[in-house]
Amino acid sequence: MTAALFIGSILGSMAIGVPVAFALILCGVVLMLQQGMFDAQIVSQNLVGGADSFQLLAVPFFLAAGEFMNAGGLSRRIVDLAVGLVGHFRGGLGYVAILAAVIMASMSGSAVADTAAIGAMLIPIMRQAGYRVNQSSGLIAAGGIIAPILPPSIPFIIFGVTAGVSVKKLFLAGIVPGLAMAAALVATWWWLSRRDETLVTPKVPAAEVWRRFRDSLWALAIPLLIVVGIKQGIFTPTEAGVVAAVYALVVGMFVYRELKPADLFGLMLNAGKTTAVVMFLVAAATVAAWMVTIAELPMMVIDLLEPLIDRPILLMAVIMVVIVLVGMAMDLVPTILILAPVLMPLVKQAGIDPTYFGVMFIMNCAIGLITPPVGTVLNVICGVSRITMDDAVRGSWPFLLAYLALLALFTVFPSLVIVPMHWFM
């Protein structure tokens, strides 16, 4: 009965158009009424407590860093460097998109921001060069969702706070899976574009490549600064967000001189709006998560999946299938906030490494960003490319299949994630 109320109140609310954050609060209230313990003060205390987290302070700073990088010319220089390095190969602009996606993912941590920035810069060029727009758009969307896996990942921060897992460990553990996603895109793009009759960008002279590299060094230093700083204990992930934001601001204003003081208010406002959405979702989910714990829903899930506890690989496979299905109907952040507190006790009881599970969970949720009908990143690329959702889905499905195959590989062979994770730690 409790589980039915939990699922029914969330899905029913969203089905009639209630925003996700309010649906989460309503779900908590319904469970309170069912348990005979409704108290408005408990709701308000959980709302305040949910947003009161030092680790979540990283979210606005990384979002601001992304805004500064796009407006300050850092993102454009990354794309220019990628064009100089791989643009002259067959299908070269696709490899440019992948390389740019990896570098920008290690700078901003936002799939939506990276997809919009790369798409706006490359789609017009790819269209002019004769690339199929739906396929190019699908590639850029698929490249955009590497951002939640490579540090600094905003979803990792939210998962770490929600599930009680070290954000630092999640950041370091996401490096190899993120690069593996990029490798899967390269292989898939090579297969798709090997016979395409597209214009090949002229090879950029070595001297020009070197000039672009030197010009982009200030931008390339950001991911190195973040990873080394966190690994060496120089600063926490939250402090890394501050460092990234200040660094991008200084470089954009005083080195590249493309970021003007008059732009700052608008950029900060954009980052603030996005932060408000994320923080309200986290706060609202705390109400639901508290009642989920009180109502012992995690114990019900454990009892349901108890036969699989002694078979962790099979258990992980079942959980991954569930998350894939949920990710098709729900955005990334709500999926984390709803499922992570429920599944984590089961994962720990089965002896699955919580950090490994966190990486797999976020990777799975990120894949949901390019699956219909919700597909937030698909909607973004549709707007940038001016194509329909049907075209975007047709263009993205080969890359989606590659990601699902990689997810299955990591599920069957956990050591592919766990062993490199220990190298970095």
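Results, tabulated for the structure shown:
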item: Selection count, region 33-48, where residues are in contact with a helix residue (DSSP H, G or I) (Cβ under 6 Å, 6 or more places away or on another chain) and either modelled with pLDDT of 80 or more or within 11 Å of residue 286 (Cα to Cα) (or both); result: 3
item: Residues being free of Cβ contacts under 8 Å to residues at least 60 places away in the same chain and aliphatic (A, V, I, L, M) - total across region 43-58; result: 0
item: Failed item, numbered, when residue 94 is tested on (1) closer than 19 Å to residue 275 by Cβ; (2) more than 14 Å from the chain's Cα centre (by Cα); result: (1)
item: Total residues in region 316-329, condition free of Cβ contacts under 8 Å to residues at least 60 places away in the same chain and surrounded by 20 or more Cβ atoms within 10 Å (Cβ to Cβ); result: 3
item: Test set (1) surrounded by fewer than 19 Cβ atoms within 10 Å (Cβ to Cβ); (2) of a type outside the set (D, E, K, R); (3) touching a residue at least 24 places away in the same chain (Cβ under 8 Å) - residue 207 fails condition number; result: (3)
item: Selection count where residues are under 12 Å from residue 106 (Cα atoms) and of a type in the set (Asp, Glu), scope region 202-241; result: 0
item: Any hit, region 210-217, residues being in contact with a Ser or Thr (Cβ under 8 Å, 6 or more places away or on another chain) and closer than 21 Å to residue 99 by Cβ; result: no
item: Hey, residue 80 among the acidic types (Asp, Glu) and closer than 30 Å to residue 338 by Cα or not; result: no
item: Residue list for region 258-276, filter: surrounded by fewer than 16 Cβ atoms within 10 Å (Cβ to Cβ) and without any contact (Cβ under 8 Å) to a residue 60 or more places away in the chain; result: 260, 261, 262, 265, 266, 269, 273, 276
item: Which listed residue, of 142, 113, 117, is modelled with pLDDT under 80, surrounded by 24 or more Cβ atoms within 10 Å (Cβ to Cβ) and either within 12 Å of the chain's Cα centre (by Cα) or assigned to a loop (DSSP other than H, G, I, E, B) (or both); result: 113
item: Positions within region 169-196 being among the basic types (Lys, Arg), touching a residue at least 60 places away in the same chain (Cβ under 8 Å) and surrounded by fewer than 20 Cβ atoms within 10 Å (Cβ to Cβ), in sequence order; result: 194
item: Pairs where the first residue, in region 120-134, is more than 13 Å from residue 79 (Cα to Cα) and modelled with pLDDT of 80 or more and the second is basic (Lys, Arg) and part of a helix (DSSP H, G or I), C-beta under 6 Å, 6+ apart; result: 133/127; 134/394
item: Number of positions in region 222-248 that are without any contact (Cβ under 8 Å) to a residue 12 or more places away in the chain, part of a helix (DSSP H, G or I) and farther than 13 Å from residue 58 by Cα; result: 2
item: Any hit, region 72-83, residues being in a loop (DSSP other than H, G, I, E, B), in contact (Cβ under 8 Å) with a residue 40 or more places away in the chain and more than 21 Å from residue 285 (Cα to Cα); result: yes
item: Scope region 210-219; condition touching a residue at least 24 places away in the same chain (Cβ under 8 Å) and out of contact with any Lys or Arg (no Cβ under 9 Å at 6 or more places or on another chain); matching residues; result: 213
item: Any hit, region 123-133, residues being in a helix (DSSP H, G or I), within 28 Å of residue 348 (Cβ to Cβ) and aliphatic (A, V, I, L, M); result: no
item: Region 363-421, subset part of a loop (DSSP other than H, G, I, E, B) and among the hydroxyl-bearing types (Ser, Thr, Tyr), residue surrounded by the fewest Cβ atoms within 10 Å (Cβ to Cβ); result: 388
item: Test result for residue 346, surrounded by fewer than 18 Cβ atoms within 10 Å (Cβ to Cβ), of a type outside the set (Phe, Trp, Tyr), part of a helix (DSSP H, G or I) and at pLDDT 80 or above; result: no
item: Residues (under 23 Å from the mean Cα position of the chain (by Cα), surrounded by fewer than 18 Cβ atoms within 10 Å (Cβ to Cβ) and part of a helix (DSSP H, G or I)) located in region 23-54; result: 51
item: Residue among 379, 364 that alone is without any contact (Cβ under 8 Å) to a residue 24 or more places away in the chain and under 19 Å from the mean Cα position of the chain (by Cα); result: 379
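Yes or no, residue by residue, for (1) in a loop (DSSP other than H, G, I, E, B); (2) under 20 Å from residue 369 (Cα atoms); (3) modelled with pLDDT under 75:
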residue	(1), (2), (3)
292	no, no, yes
302	no, no, yes
310	yes, no, no
316	no, no, no
319	no, yes, no
322	no, yes, no
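Matching residues to (1) at pLDDT 85 or above; (2) among the β-branched types (Val, Ile, Thr):
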residue	(1), (2)
253	yes, no
260	yes, no
266	yes, no
288	no, no
297	no, no
305	no, no
328	no, no
336	yes, yes
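The values are calculated or read from the model by the stated rules, or taken from the named source; none is laboratory data. Remember, it's a predicted structure, so these values are computed and weren't measured experimentally. Virtual Cβ from ideal backbone geometry, glycine too; neighbours counted across all protein chains shown.
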